[in-house]
Structures are given as structure tokens and as C-alpha cells.
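Remarks on the structure that follows.
The values are calculated or read from the model by the stated rules, or taken from the named source; none is laboratory data. Treat the numbers as computed from the prediction; the structure is a model and nothing was measured. Methodologically, a virtual Cβ is constructed for each residue, glycine included, from the backbone with ideal geometry; neighbour enumeration extends over all protein chains shown.
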Amino acid sequence: MPTATPPHDTAPHPYSSLTPDAVLDALDAVGVHGDGRLVALGSYENRVYQVMQDDAPPVVAKFYRPGRWTDAQILEEHAFVRALDDAEVPSVPPREIGGRTLHTHAGFRYAVYDKCGGRPPELDRDDVLEWIGRFLGRLHAVGARERFVHRPAIDVAEFGEAPRAFLLARGFVPPDLIDAWSAASDLALDAVRRAFDRAGDIARIRLHGDVHAGNVLWIADGPMRGPHFVDFDDARNGPAIQDLWMMLSGDRESMEHQMRRVLAGYEQFREFDRAELALVEPLRTLRLLHYSAWIAARWDDPAFPAAFPWFGTTRYWQDRILELREQLGAMDEPPIEVR
């Protein structure tokens, strides 16, 4: 398969110095004494480890990607999750150690969390969708109390225009496909802008930002039974529908049924503006553009070429062009309806 090799920075990535010893030293500095056993957990954006201890339960240590967020932005994330926990919305806030939740060691910023087990939710079950809807309604009731000051928004500029400009400026799109991809992405963004204009004055609240099945842990038994939200790294201001639409899959009829079940739970705690249903496909389109730019922006991290070897292929970009053209059709359709 023809490959357009993405640009690559040959300088060592900062994470190359995050050795097991560095992780354990960082934790020792805040009084968390690992016994040497570290289990890397699934996270490309950050480095996350389960840390075993001899005399205490395991903890989870999250080392933030250098340069992505400012301290103020990370602390806003921590404060939001703490507010959710205080409101008894199932979530996992960082531990406060020495009066702080954000720590630094050898140039890395990190936080420590209690370990929360669970499995992915069964999204094909109506009762599960309604249960998740209830907790999303509670999450958004807290999120609507105020807005993030330092963290960015989910909007056309941040999730569409900037990713498109980055991919073109950095030469990630193969030369023979630049015209086709540029045209498809330009038309798609025009359609997204029109959709947001038609939706009108949609409320922007604090969101989880990335509610997919991997970020919802389901506990089957005991007093903590039900969903728990994890990984608030993408928390931003945005429309409430952003935290709902990734629960949907299948054809139009299936998505309408799933949304009815989610909203049956959600609206027990917070009213949902039906005008936001028109943003499901526009937000999906923005996520597709943002995803390609997210991989591209981290190509200097050795974990990314290893995990996404198909990223630089001609086939990858041909598929993205087709995907954007399909989204143009989807955005031309009437939005899903929930009565």
C-alpha cells in the first residue's frame, strides 16, 4: 500500500525519560511507596500506571503529556471532578496530598488516584442507557453551575478549523490527495457552521468531553453499582449533546431509540434542549477532523507510529475523504427526533 510518510521529529520525546524508576521516585516524593510493580494502563494521550504497594491498595498515577495543558487548566479539571464527587456523581477525583492534587517531579506533572475497577457498559441494554443518562444529567447539573475559565471549548474553531489548518501546514496529507481532502474538509466545515447557526443560542456548560464506552466503568455489584466516569482529561466547555451522542450507534431508528432511553434518565435531573439534537452529526464531523490532527500532533511520540501504523497510508486519507463526504450527506438529513 502506498505510504506518505508523515513528518517525524527525530529528537527524543519527553516521555522517553519517564522510566519506571522515575515513576516510582515521583510517587515516593508524595508518600506513595510502590513495590516496583507497575502496570501501564491504556492511554495514548498521557502515561497512566497502576502502581502496586506492599502495605496499601494499588493506586493509579497519571503523568500528563508535557506541553498539552497549563497548570491552571489541569487544576480546573481536578476542581470539576472534585465538585462532581462532592455532589455524589460517581467519578474518581485525584487524591489531595500535602494540600495539592497536581505534583511535579523531574519535569513531569502528575496526579494520584484511587484505583476504580469496572467493565465497559452494555450499551445495547435500555436500562443501562437510562442509568447512564441519569448520571450524565447529574454531571451536567453540576457542570452548568459555572464555566471553565482556562480550558478551551468544543467548537468549530478548536475542533475543526485549527485541526484542518494544522494537517495542511505540516504536510500530513499526501500531495496527490491534498486537493480532494481540502475540498471535502472545507465543505464539511461549512456544513458544520450552518448547523451551529441554525441551532441558535445553545448553552455551553462544563462537560466530560469524551464520554465513550472506554471512559465509563460499570460496577456490577455492591453499593457502588452502576456507571463511574473516568478520564476527564478532555473536559471542556460545550453543548450538553457532546456528552450524549457517543452513546449512539447504528441506523437512524436505532439512534433515536437509544437517545430516548438516555434522555429518559437524563431529564430526571436536568432539562435537555431538543435543538441540540441537530448537532449530533456536526459534532461527529468535528471529532473526525480532530482525531486525525490529534494523531498527527503526537507523531513524535514513539507510541503513536507503533499504535497507528496505517496513519500515513494513502488508503487512510482516501477513507477520510470518503468519510467527510458521507458526513456531508448525514448533515443534510433532518436531525434525529426524540419525543
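Summary of values
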| read-out | value |
| --- | --- |
| Residue within the stretch 75-92 that is surrounded by fewer than 19 Cβ atoms within 10 Å (Cβ to Cβ), of a type in the set (D, E, K, R), touching a strand residue (DSSP E or B) at 6+ places or on another chain (Cβ under 6 Å) and more than 30 Å from R260 (Cβ to Cβ) present | no |
| Near pairs, Cβ below 9 angstrom, 6+ apart or cross-chain, from the stretch 40-65 (modelled with pLDDT under 90) to any residue that is among the acidic types (D, E) and assigned to a strand (DSSP E or B) | D54/D35; D55/D35 |
| For P121: the one exception among (1) in contact with a Pro (Cβ under 9 Å, 6 or more places away or on another chain); (2) modelled with pLDDT of 95 or more; (3) not in a helix (DSSP H, G or I) | (2) |
| Complete set of residues in the stretch 96-120 that are within 17 Å of V211 (Cα to Cα) and in contact with a Gly (Cβ under 9 Å, 6 or more places away or on another chain) | P120 |
| Enumeration of residues in the stretch 207-256 that are within 14 Å of G137 (Cβ to Cβ) and of a type outside the set (A, V, I, L, M, F, W, C) | H208, G226, P227, D243 |
| Test result for D21, modelled with pLDDT of 90 or more, part of a helix (DSSP H, G or I), of a type outside the set (A, V, I, L, M, F, W, C) and over 18 Å from the mean Cα position of the chain (by Cα) | yes |
| Test: residue in the stretch 242-257 that is out of contact with any Cys (no Cβ under 9 Å at 6 or more places or on another chain), of a type in the set (S, T, N, Q) and surrounded by 21 or more Cβ atoms within 10 Å (Cβ to Cβ) | yes |
| One residue from D186, D233, D221 being out of contact with any strand residue (DSSP E or B) (no Cβ under 7 Å at 6 or more places or on another chain), at negative phi and not in a loop (DSSP other than H, G, I, E, B) | D186 |
| The stretch 142-165, residues that are crowded, with 17+ Cβ neighbours inside 10 Å, touching a residue at least 40 places away in the same chain (Cβ under 8 Å) and part of a helix (DSSP H, G or I) | V142, G143, V156, F159, G160, P163, R164 |
| Any chance A83 is small (G, A, S), under 14 Å from F232 (Cα atoms) and modelled with pLDDT of 95 or more | yes |
| Given (1) closer than 24 Å to V149 by Cα; (2) surrounded by fewer than 19 Cβ atoms within 10 Å (Cβ to Cβ); (3) within 14 Å of the chain's Cα centre (by Cα), index of the condition D273 fails | (3) |
| Test: residue in the stretch 181-200 that is surrounded by fewer than 18 Cβ atoms within 10 Å (Cβ to Cβ), of a type in the set (G, A, S) and at pLDDT 95 or above | yes |
| Matching entry among A106, A61 (being surrounded by fewer than 20 Cβ atoms within 10 Å (Cβ to Cβ) and among the small types (G, A, S)) | A106 |
| Single condition V92 does not satisfy, out of (1) modelled with pLDDT of 95 or more; (2) closer than 18 Å to L136 by Cβ | (1) |
| Number of positions in the stretch 101-138 that are under 17 Å from F229 (Cα atoms) and β-branched (V, I, T) | 3 |
| Residue match in the stretch 290-303 (condition: over 25 Å from G329 (Cα atoms), more than 20 Å from the chain's Cα centre (by Cα) and aromatic (F, W, Y)) | no |
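Matching residues to (1) among the aromatic types (F, W, Y); (2) more than 19 Å from the chain's Cα centre (by Cα):
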{"residue": "S91", "(1), (2)": "no, no"}
{"residue": "Y113", "(1), (2)": "yes, no"}
{"residue": "L167", "(1), (2)": "no, yes"}
{"residue": "V173", "(1), (2)": "no, yes"}
{"residue": "D176", "(1), (2)": "no, yes"}
